[in-house]
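Peer 1: I'd like to ask some things about the structure below.
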Amino acid sequence: MIRPYAKIVVPTPGTPVRVTSIEANPAASQGCHGVLIQALKGNTGAVYVGSSTMVKGTEADCFVCLGIPTVNFIPSFSAALTLSPGGIQLRDLYIDADVANEGVIVSILVT
């Protein structure tokens, strides 16, 4: 089943925000089969998806840079490990942005 997970915004560009920051314990295991991360349609700058050591300025440890959305296209990133139940750990994904208070919508695939 696919379900909405969260809207994640970056208050301070250059300080990555853990995707699970909305949870009471953001470091707790939060596995899923797949994840879809889509830029917010009102973003005016790029958004980055990466690991805890991501540096958006050099794109070190970035998985993807989601460009600025347009009228016809909203950038997204997805990953799936459908043969490994809970194989993707949301706690290992981080978001950074070029502009404060911009971010992403996260949806997940779970059993």
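Peer 1: Is it the case that VAL64 is out of contact with any helix residue (DSSP H, G or I) (no Cβ under 8 Å at 6 or more places or on another chain), surrounded by 15 or more Cβ atoms within 10 Å (Cβ to Cβ) and either touching a residue at least 60 places away in the same chain (Cβ under 8 Å) or farther than 16 Å from LYS7 by Cβ (or both)? Steps first, please.
Peer 2: Details: out of contact with any helix residue (DSSP H, G or I) (no Cβ under 8 Å at 6 or more places or on another chain): yes; surrounded by 15 or more Cβ atoms within 10 Å (Cβ to Cβ): yes; either touching a residue at least 60 places away in the same chain (Cβ under 8 Å) or farther than 16 Å from LYS7 by Cβ (or both): yes.
Yes; evaluated as a whole, the condition is true for this residue.
Peer 1: Also, I was wondering about something else. So PRO85 fits all but one of (1) assigned to a strand (DSSP E or B); (2) within 18 Å of VAL110 (Cα to Cα); what number is the exception?
Peer 2: So the condition that PRO85 fails would be (1).
Peer 1: Could I ask something else about it? Take the residues in the range 89-111 that are buried (at least 20 other Cβ atoms within 10 Å of the Cβ) and β-branched (Val, Ile, Thr), then tell me which one is farthest from PRO4 (Cα to Cα). Steps first, answer last, please.
Peer 2: Looking only at the range 89-111, we keep the residues that are buried (at least 20 other Cβ atoms within 10 Å of the Cβ), and these are 90, 93-97, 102-104, 106, 108.
Right, trim to β-branched (Val, Ile, Thr) and you get 95, 104, 106, 108.
On the way: ILE95: 17, VAL104: 12, VAL106: 6, ILE108: 6 Å.
Only one residue tops the list, namely ILE95.
Peer 1: Any idea which residue in the range 1-28 is surrounded by the most Cβ atoms within 10 Å (Cβ to Cβ), counting only those that are part of a loop (DSSP other than H, G, I, E, B) and of a type in the set (A, V, I, L, M, F, W, C)? Spell out the reasoning first.
Peer 2: At the first step, the residues of the range 1-28 found to be part of a loop (DSSP other than H, G, I, E, B) are 1, 11-16, 23-28.
Checking the rest, the ones that are also of a type in the set (A, V, I, L, M, F, W, C) come to 1, 24, 27-28.
Values: MET1: 7, ALA24: 6, ALA27: 9, ALA28: 11.
The extreme case among them is ALA28.
Peer 1: Look through VAL49, VAL35 and report the one residue that is outside any loop (DSSP other than H, G, I, E, B), closer than 17 Å to TYR5 by Cβ, among the β-branched types (Val, Ile, Thr) and in contact with a Phe, Trp or Tyr (Cβ under 7 Å, 6 or more places away or on another chain).
Peer 2: Details: VAL35 fails: in contact with a Phe, Trp or Tyr (Cβ under 7 Å, 6 or more places away or on another chain).
From the options VAL49, VAL35, the qualifying one is VAL49.
Peer 1: How many residues does the range 1-56 hold that are under 12 Å from GLY103 (Cα atoms), free of Cβ contacts under 8 Å to residues at least 60 places away in the same chain and hydrophobic (A, V, I, L, M, F, W, C)?
Peer 2: The first filter runs over the range 1-56 and keeps only residues under 12 Å from GLY103 (Cα atoms), leaving 6-13, 16-19, 37-49.
Narrowing further to those that are free of Cβ contacts under 8 Å to residues at least 60 places away in the same chain: 41, 44-49.
Narrowing further to those that are hydrophobic (A, V, I, L, M, F, W, C): 46-47, 49.
Qualifying residue count, the range 1-56: 3.
Read the figures in this text as sums done on the coordinates, not as results from a lab. If you're wondering where the values come from, they're calculated on a predicted model, not measured in any experiment. Cβ: placed from backbone, ideal geometry, glycine included. Neighbour counts: every protein chain shown.
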